[in-house]
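Chemist: Dropping the structure in here first, questions after.
The values are calculated or read from the model by the stated rules, or taken from the named source; none is laboratory data. On a predicted model such as this, the values are computed, not experimentally measured, just so you know. When we count neighbours, we look across all protein chains shown, and the Cβ atoms used for this are built from the backbone with ideal geometry, even at glycine.
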Protein chains: 2
Amino acid sequence: MPNMYDSAYDLEKAIRESEEFKELQQAYEAVMSDSSAKKMFEEFRDTQIALQEKQMQGEEITEEEVEKARKIVELVQEHPGISGLMDKEQRLNIIINDISRIITKPLEELYGTTSENDQLN
Amino acid sequence: MPNMYDSAYDLEKAIRESEEFKELQQAYEAVMSDSSAKKMFEEFRDTQIALQEKQMQGEEITEEEVEKARKIVELVQEHPGISGLMDKEQRLNIIINDISRIITKPLEELYGTTSENDQLN
Ligand SMILES: [Ca+2]
Ligand SMILES: [Ca+2]
């Protein structure tokens, strides 16, 4: 049985060499090498992060900010390079979430079974 | 090259069959099968969770609550079964954190490199 670290490095290699990661990498590099696409993508990211931070801190989001966010979302969705990049990000994120669920299963079962027992006790 | 899911299941198996996980499992089951240890451990957990929730919601923590938490920490630290379980939890948590860093490295490098470039641009 290989040890946990060997298996983790094998998984890292599988991620790095996957079609999904390579396609994300290409899409990201294509956007980053096109200065107007890069600017639009970074403005979109900055707007999303700023709104999230405001929401988390319970600050009010103005109508102007909502409108600005709506417009930039519309722009990036209509940009084939950026919308393609976002699709590829989402695709890999789903896989990474699946992987995370798979590898935390032993711990979940250990504690989860006991929670079930608690309800029966 | 094995695919990402195959590698993830291999890693799950490596975790499940590791000495670290088996020892945690044994320590957990020993505590859970001793009703007074189980009660103490669960009271400790409940106290920690309640305090964390209060802190996250910005609620005030009373002197009585701090004192109660201090006492239960002292009790569990002096209980060999529970303190052993907590050591084993911490040991596996460190490994799981390492694993998480290893498998998120490809994505970190993809986005991280660009952040470095941003500073140079
Ligand atoms: Ca239980
Ligand atoms: Ca950049």
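Chemist: Does the range B:19-38 hold any residues that are closer than 22 Å to A:Glu12 by Cα and either among the aliphatic types (A, V, I, L, M) or touching a Pro at 6+ places or on another chain (Cβ under 9 Å) (or both), and which are they? Before the answer, list the steps.
Modeler: Here is the first cut: in the range B:19-38, the ones closer than 22 Å to A:Glu12 by Cα are B:20-21.
Within the range B:19-38, B:Phe21 is the sole residue that qualifies.
Chemist: Quick one: which residue in A:Leu120, A:Leu92 is at pLDDT below 95, more than 16 Å from ligand 2 (Cβ to nearest atom) and either surrounded by 15 or more Cβ atoms within 10 Å (Cβ to Cβ) or under 30 Å from B:Ala27 (Cα atoms) (or both)? Give the steps one after another, and end with the answer.
Modeler: On the way: A:Leu92 fails: at pLDDT below 95.
Going through A:Leu120, A:Leu92 in turn, the sole match is A:Leu120.
Chemist: Return yes when A:Ile94 is assigned to a helix (DSSP H, G or I) and more than 10 Å from chain B (Cβ to nearest Cβ) and no when it is not.
Modeler: Yes.
Chemist: Which residue pairs have Cβ atoms under 9 Å apart, sit 6 or more places apart or on different chains, and have a first residue in the range A:1-21 that is facing chain B (nearest Cβ under 7 Å) and assigned to a helix (DSSP H, G or I) and a second that is surrounded by fewer than 23 Cβ atoms within 10 Å (Cβ to Cβ) and among the hydroxyl-bearing types (Ser, Thr, Tyr)?
Modeler: A:Met4/B:Ser18; A:Ala8/B:Ser100; A:Glu12/B:Thr104; A:Ala14/B:Tyr5; A:Ile15/B:Thr104
Chemist: So in the range A:22-39, with the set limited to residues that are closer than 18 Å to A:Gln77 by Cα and of a type in the set (S, T, N, Q), which one is nearest to the other protein chains (Cβ to nearest Cβ)?
Modeler: Restricting to residues being closer than 18 Å to A:Gln77 by Cα and of a type in the set (S, T, N, Q), the top hit is A:Ser35.
Chemist: Identify, please: which residue in the range A:47-84 is under 29 Å from B:Gln57 (Cβ atoms) and acidic (Asp, Glu) and is, among those, nearest to the chain's Cα centre (by Cα)? Spell out how you get there, then give the answer.
Modeler: Within the range A:47-84, the first condition is being under 29 Å from B:Gln57 (Cβ atoms), and the residues that meet it are A:47-63, A:65-66, A:69.
Those left that are additionally acidic (Asp, Glu): A:53, A:59-60, A:63, A:65.
Working: A:Glu53: 17, A:Glu59: 24, A:Glu60: 26, A:Glu63: 27, A:Glu65: 23 Å.
My answer is A:Glu53.
Chemist: Still on this structure, please answer the following. So in the range A:10-19, with the set limited to residues that are over 17 Å from the mean Cα position of the chain (by Cα) and crowded, with 18+ Cβ neighbours inside 10 Å, which one is nearest to A:Ile103 (Cα to Cα)?
Modeler: A:Leu11
Chemist: Now for a separate question. For the subset of the range B:27-46 comprising residues that are hydrophobic (A, V, I, L, M, F, W, C) and away from ligand 1 (no atom under 11 Å from the Cβ), which member is farthest from A:Gly58 (Cα to Cα)? Even if it seems obvious, please write down each step before you answer.
Modeler: From the range B:27-46, those hydrophobic (A, V, I, L, M, F, W, C) are B:27, B:30-32, B:37, B:40-41, B:44; that's our starting set.
Within this subset, residues satisfying the condition of being away from ligand 1 (no atom under 11 Å from the Cβ) are B:27, B:30, B:37, B:40, B:44.
Working: B:Ala27: 42, B:Ala30: 44, B:Ala37: 41, B:Met40: 37, B:Phe44: 31 Å.
Looking at the filtered set, the residue picked out is B:Ala30.
Chemist: Still on this structure: Show the residue pairs meeting these rules: Cβ distance below 8 Å; 6+ apart or different chains; first residue within the range A:58-73 and small (Gly, Ala, Ser); second residue part of a helix (DSSP H, G or I).
Modeler: Listed by first residue and then by second, the contacts come to A:Ala69/A:Thr47; A:Ala69/A:Gln48; A:Ala69/A:Leu51.
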